Amino acid sequence: MTTVLCYGDSNTHGTVPIEAIGQRRRYPRGTRWPDAMGAALGPRYEVLAEGLPGRTTVHDDPIEGGKRSGLEVLPAILLSHEPVDLLILMLGTNDLKPRFSVTSHEIARSIERLIVTARQILPDLSFWPLRRPRCAPSGRCPRCSQGRKSARSACPPFCAT
């Protein structure tokens, strides 16, 4: 069995958009993108979701608190799920918060640092840095086969339209 570890933020966690202060809800199991990907891959793959709302690449968040630095907790996560064949990184969105004052280049360097750290822990690990798929302004989703229109029902379950 191939083990795929999805390491990310609230998108990986399956957090429902917040409508009120203090609200914390998740989409049901089976509808979150790692679950949908696991279902699409089939029984020969185990897809594990390690998502934390507010997680950044390398920054602790003085406002949200907690262990938000992806770099700080990555070693423990990798070792707790070993053996891991593929690591999908979906981080960087929360790094754009004004309080961190970082550029896109610095975020890319932070992702690189995560990859270097993971390779030190699990040298044979494969990587797939992931960005959230977006539908094109033309209304056609580049992730959908045969150029179907970008209605949520027409996109694969892991395409965020």
Selection from the stretch 1-44 of residues that are buried (at least 17 other Cβ atoms within 10 Å of the Cβ) and more than 21 Å from GLY92 (Cβ to Cβ): ASP35, GLY38
Taking the stated definitions as given, is VAL4 closer than 16 Å to ARG119 by Cα and part of a loop (DSSP other than H, G, I, E, B)? no
Taking the stretch 73-93, which residues are loosely packed, with under 15 Cβ neighbours inside 10 Å and either polar (S, T, N, Q) or part of a strand (DSSP E or B) (or both)? SER80
Mind listing whichever residues of the stretch 49-61 are under 12 Å from the mean Cα position of the chain (by Cα) and either farther than 24 Å from ILE107 by Cα or of a type in the set (D, E, K, R) (or both)? GLU50, ARG55
Kindly indicate whether any position in the stretch 56-72 is of a type outside the set (D, E, K, R), part of a strand (DSSP E or B) and modelled with pLDDT of 95 or more. yes
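The values are calculated or read from the model by the stated rules, or taken from the named source; none is laboratory data. Predicted model, so just to flag it, every value in this text is computed and none were measured. Every residue, glycine as well, gets a Cβ built from its backbone with ideal geometry; the counts of neighbours run over all protein chains shown.
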